[in-house]
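The values are calculated or read from the model by the stated rules, or taken from the named source; none is laboratory data. These figures come from a predicted structure and were not determined experimentally. FYI the Cβ positions are ideal-geometry reconstructions off the backbone, even for glycines, and counts take in every protein chain you see.
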């Protein structure tokens, strides 16, 4: 019998072109099951299309990502979010994505997605999957995670898989194999290709392979404008520039504004780019 093959994909972020390329590659690899490890939606212009592509398949299982949760909480005006976010123009892209999903009748879909998923194969250690970590979907998991924290998070599983940081990672910590899937729609490791993790169960153990699939980015970049997303303001511009550069920009900019008590607007974004020697436009 051939080995069992699993595709773990994540951080699609409303980029249907990247997702389509990955799904074609997944099918070519003879994968038995697809695990979508969170953040299907938000940031990019194609949240509805990306979610519909995945829901149309019969081989997909989901875990909940922070952005999948955010758009639901946003639409509900949840008091778990800071109240001033709802009137801050910086959050225009999130408001737009939530509205798109609401009109398509898809906002309710992630409400039943679990925070974690355990994958088991006879004779092999369990694989514990979560968007961030099993403790929280915004906690980072990578080769930099402290070994004691890895042991705490794994809880007896032999393989721990996360996403969220938008770059692939692999390490062994205290006998636990730590893996990060990388990002399909918005990589942050300088490689603009759509990235995911192929995990194969073999008689000698779980064998990881990081896949990077080229695709034409011109379509998704143009849809930032044609869809109206770019008209929502600064955060959409930053999300577009992340796809262009394959770098993390949004989070460093947010942290920089917090540390310096700056408003998040076009002037401070320009200052951030100058200070960090980022290309403009």
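Go through segment 16-47 and give me each residue that's within 23 Å of residue 160 (Cβ to Cβ) and in contact with a strand residue (DSSP E or B) (Cβ under 7 Å, 6 or more places away or on another chain). Listed by number, the residues that qualify are 22, 26, 29, 31, 32, 33, 34, 35, 36, 37, 38. The condition (being crowded, with 17+ Cβ neighbours inside 10 Å and closer than 28 Å to residue 230 by Cβ) is satisfied by just one residue among 26, 71, 31: 71. Would a scan of segment 151-173 turn up a residue that is touching a helix residue (DSSP H, G or I) at 6+ places or on another chain (Cβ under 9 Å) and closer than 16 Å to residue 23 by Cα? Within segment 151-173 (the criterion being touching a helix residue (DSSP H, G or I) at 6+ places or on another chain (Cβ under 9 Å) and closer than 16 Å to residue 23 by Cα), the answer is no, since none of the residues qualifies. Of the strands (runs of 3 or more DSSP E) lying entirely inside segment 1-73, those containing at least 3 residues that are touching a residue at least 40 places away in the same chain (Cβ under 8 Å) and out of contact with any helix residue (DSSP H, G or I) (no Cβ under 9 Å at 6 or more places or on another chain) are 4-9.
Checked against the criteria, residue 118 does not count as in contact with a strand residue (DSSP E or B) (Cβ under 9 Å, 6 or more places away or on another chain), within 28 Å of residue 213 (Cα to Cα) and part of a loop (DSSP other than H, G, I, E, B). Tallying residues that are in contact with a helix residue (DSSP H, G or I) (Cβ under 8 Å, 6 or more places away or on another chain) and surrounded by 18 or more Cβ atoms within 10 Å (Cβ to Cβ) within segment 199-220 yields 4. So for segment 74-96 (the condition being touching a strand residue (DSSP E or B) at 6+ places or on another chain (Cβ under 7 Å), modelled with pLDDT of 95 or more and buried (at least 24 other Cβ atoms within 10 Å of the Cβ)), does at least one residue qualify? No; the residues of segment 74-96 include none that is touching a strand residue (DSSP E or B) at 6+ places or on another chain (Cβ under 7 Å), modelled with pLDDT of 95 or more and buried (at least 24 other Cβ atoms within 10 Å of the Cβ).
If you check 149, 193 for being farther than 20 Å from residue 65 by Cα and within 15 Å of the chain's Cα centre (by Cα), only one passes: 193. Of everything in segment 70-97, what is within 18 Å of the chain's Cα centre (by Cα) and more than 17 Å from residue 250 (Cβ to Cβ)? Give them in sequence order. Of everything in segment 70-97, those that are within 18 Å of the chain's Cα centre (by Cα) and more than 17 Å from residue 250 (Cβ to Cβ) turn out to be 72, 73. Criterion applied to 50, 10 was being touching a strand residue (DSSP E or B) at 6+ places or on another chain (Cβ under 8 Å), surrounded by 23 or more Cβ atoms within 10 Å (Cβ to Cβ) and under 17 Å from residue 195 (Cβ atoms), and the one residue passing it is 10.
The residue that is nearest to the chain's Cα centre (by Cα), among those in segment 112-125 that are surrounded by fewer than 17 Cβ atoms within 10 Å (Cβ to Cβ) and over 24 Å from residue 55 (Cα atoms), is 121.
Scanning segment 202-236 for residues that are part of a strand (DSSP E or B) and modelled with pLDDT under 95 returns 202, 205.
Would it be correct to say that residue 223 is in contact (Cβ under 8 Å) with a residue 60 or more places away in the chain and buried (at least 17 other Cβ atoms within 10 Å of the Cβ)? Yes, satisfied. Taken over segment 251-266, the criterion of being part of a helix (DSSP H, G or I) and without any contact (Cβ under 8 Å) to a residue 24 or more places away in the chain is satisfied by 251, 253, 254, 255, 256, 257, 258, 259, 260.
Just one of the listed residues (246, 261, 271) is under 18 Å from the mean Cα position of the chain (by Cα) and either farther than 21 Å from residue 101 by Cα or surrounded by 11 or more Cβ atoms within 10 Å (Cβ to Cβ) (or both), and it is 246.
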